[in-house]
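One structure below.
Just so you know, all these numbers are worked out from the coordinates, no wet-lab data involved. Bear in mind the structure is a predicted one, so any value in this text is a computation, not a measurement. Quick reminder, even Gly has a Cβ in these numbers, built from the backbone with ideal geometry, and neighbours come from all protein chains shown.
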Amino acid sequence: MTLSLKTSTAVGLALSLLSAPAFAGMDEARAFLDSEIGDQSALTREEQEAEMQWFIDAAQPYAGMDIRVVSETIATHEYESKVLAPAFTAITGIEITHDLIGEGDVVEKLQTQMQSGQNIYDAYVNDSDLIGTHWRYQQVRNLTDWMAGEGADVTSPGLDLDDFIGTEFTTAPDGKLYQLPTQQFANLYWFRYDWFNDEKNKADFKEAYGYDLGVPVNWSAYEDIAEFFTGRDLSHLGVDDEVYGNMDYGKKDPSLGWRYTDAWMSMAGMSDVGEPNGLPVDEWGIRVNEKSQPVGACVDRGGATNGPAAVYAIEKAIDWLQNYSPPAAQGMTFSEAGPIPAQGNVAQQMFWYTAFTAASVKPDLPVMNEDGTPKWRMAPSPHGAYWEEGMKVGYQDVGSWTLMKSTPVDRAQAAWLYAQFVTSKTVDVKKSHVGLTFVRDSSINHESFTERAPKLGGLVEFYRSPARTQWSPTGTNVPDYPKLAQLWWQNIGDAMSGAKTAQEALDSLCSDMESVMERLERAGIQGDIGPVMNEEQDPEYWLSQPGAPKPKLANEDEEPITVSYDELIASWK
């Protein structure tokens, strides 16, 4: 079966299926296409109906089954649950219950199913951050073998894997695809384009700092801009509230861990060169050997989690949070902090998830112009003093469909049909307009997004640019994401609260990570791709080697660099 669908194949498929006898679900499919999809699709209407006919035919053996799937609660998945799931049920006769729960709860349910073998859900949308876990434990179906075997009859000829932009993140070192992306968003730099282009602000900044106000390329420039705007009088722009030059969050909460694994340390320059992730040391500071086996996280085993670059990263975040952010930010979680920039008194944010775009372009917000265009823009994130060319510079969240081996075959087959339906070319453009979390190249380049781009603050330009490849999820160096991720927020929370210094907190973190990896090594449950820990050595041995872990720089304050946003966007075109 050919999964990459070319135009000629699409036309042939459309003609052959449209000439086949009509099935009961076609009326429902046409009603769905009329009311919900319209012209917001990468396919022609003829091709849409052909794709729907394929789903109707393939679903017949499973009609009447009750299938349960789960994802975290974000706008994209709300659309899947509230709109696409009922449509799929009406069209195919497969009853879908699409539960929406917190991200941490999704991982907990997945972990429970892995440990117990009990089929809790028939399919999960979980982040591709677990790719190293799935590959090593081998408790999920690798989709490459599934689509050629038990899932062959329920794998759409129009799936077109080549059209997905995130499959490199869901492919393990064995070359197998383990998860199918269904939503994807990046963390980027966010700033008030109108404030940055104000003549008084530009002149005052140039006089104070000696260079032009613009998009910061490095952390030194970001810090200058944060200092400049914090407490600044912007009454000449009609801003009467207290203004801040930075936004972040610092509460000791699971979301604090995401802040650093996703991927603050890579932005600082802690890891090695490599895309999609640093090798042999990744953005968690975990070193692997030539067989992709984790060998350490602390500097004395060749890791970088407690190295000078990591300490620099944490200290900068704490400094900016305390000095340039709203006071309440220190007690906020990820979800609480997310809407704050759109309230109108924040100049910039280093670490802003594009998933907040939809909520930040509502017409009644103080960051929106009357013509529906935003007063803000998003741009590539600035990087820290330890960063070097060829390294990733940020994170992409890739929520992906995952089939557990503990799920009975027929239930997995029915769930796989639903997973393909909600990512199909028929529906993906419309779904992308709702959630703004792109997974298909054909959706990103659809003419409707060319028209909408001016109202999305640079989102479309970013995803159409070559820059997007420098943003990636957690990679395969992490052997057990659920066990290791929880250690980050607990330890870094101690640094954020002042209970420990950054160095002390990171020493504790890497030690805790190595304890988990040592237990995995002793248990041997991940076979010959599980951890094999290095012997401890004098840290200076590793710090003197090329790459990560990197020795402390004599001067961590680089020469600040900014670029014009408009010139940056023009360069992508």
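Centroid-to-centroid, using Cα positions, segment 499-573 and segment 445-487 are 22 Å apart. Exposure proxy for Y211, Y137: other Cβ atoms within 10 Å of each Cβ, ordered fewest to most, give Y211, Y137. What are the lysines whose alpha-carbon lies under 23 Å from the alpha-carbon of K552, with same-chain residues fewer than 8 places away excluded? List returned: K316, K392, K500. Listing K430, K82 from fewest to most neighbouring C-beta atoms within 10 Å gives K82, K430. Could you list log10 I(q)/I(0) for segment 414-457 at q = 0.21, 0.28 Å⁻¹, which the Debye formula gives when each Cα is one point scatterer? The calculated log intensity ratios at q = 0.21, 0.28 Å⁻¹ are -0.66, -1.01.
Partner lysines whose Cα lies under 19 Å from the Cα of K455, excluding those fewer than 8 positions away in the same chain, are identified as K362, K375, K430, K431, K573.
Over the residues of the chain, the helix contribution to mean residue ellipticity at 222 nm works out to -11000 deg cm²/dmol, using -39500 (n - 2.57) for each DSSP H run of at least 4. Taking the Kirkwood radius as Rh and the Cα radius of gyration as Rg, segment 460-573 has a ratio of Rg/Rh equal to 1.07. Looking at the chain, which longest stretch skips every one of the GluC sites (Glu not before Pro) that is in a DSSP loop with at most 10 other Cβ atoms within 10 Å, leaving the sites themselves out? Longest gap between qualifying sites, sites excluded: 1-289. For the chain, relative contact order (Cα pairs under 8 Å, six or more residues apart, normalised by length) works out to 24 percent.
FRET efficiency for E451 and Q115, Cβ-Cβ distance as r, R0 = 45 Å, nearest 0.05? Once the sixth-power term is evaluated, E becomes 0.40.
The value obtained for segment 223-314, namely the Cα convex hull volume divided by the number of residues, is 137 Å³ per residue.
Taking other Cβ atoms within 10 Å as a rough exposure proxy, I492, I120 sort from fewest to most as I120, I492.
Here K109 is the anchor, and the lysines within straight C-alpha reach of less than 19 Å, apart from those fewer than 8 places off in the same chain, are K405, K483. More than 35 Å apart: what percent of Cα pairs in the chain qualify? Considering the chain, 39 percent of its Cα-Cα pairs are separated by more than 35 Å.
Evaluated on segment 64-166, the Kirkwood hydrodynamic radius is 15.3 Å, with distances taken between all distinct Cα atoms.
Computed over segment 325-389, relative contact order equals 22 percent, with contacts defined as Cα pairs under 8 Å that lie 6+ residues apart. Pairs of Cα atoms in segment 279-431 fall into 10 Å distance bins, from 0 up to the last occupied one, in shares of 8, 22, 27, 26, 16, 2 percent.
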